[in-house]
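In what follows, a single structure is set out as structure tokens and then discussed.
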Amino acid sequence: MSAHACALSPSEDSCRYARSTSPTPPLCKLLGMTREEYECRARLLSAAALATETSLPIGHVAAAVGFESQGAFARAFKNLHGRTPRDSEAG
């Protein structure tokens, strides 16, 4: 995963989850990620499962994993997965 796959500019930072200011956990250090990158990756992996295994609209998938902006969600999803959320939808 690119170090910037989940990085959002301040104007795109629409994830409703509060960022932690506590030290980076050992697992994140072992994986070479910040806490924010790890949490974002986990949300986006959950989103991929929701998109492929359910018929939820993409906007609902984005909200379910903590994004208020569908556009920011789509950009982060594509950065991690190499495809858009719509390309991952259940058929």
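Only the coordinates and a few stated rules stand behind these numbers; no lab work does. In this text the structure is predicted, and so the values were computed from the model without any measurement.
Close amide H partners of residue 54, meaning residues 5 or more places away or on another chain with modelled amide H under 5 Å apart, are 90. Relative contact order of segment 41-88, taken over Cα pairs closer than 8 Å and 6 or more residues apart, is 38 percent.
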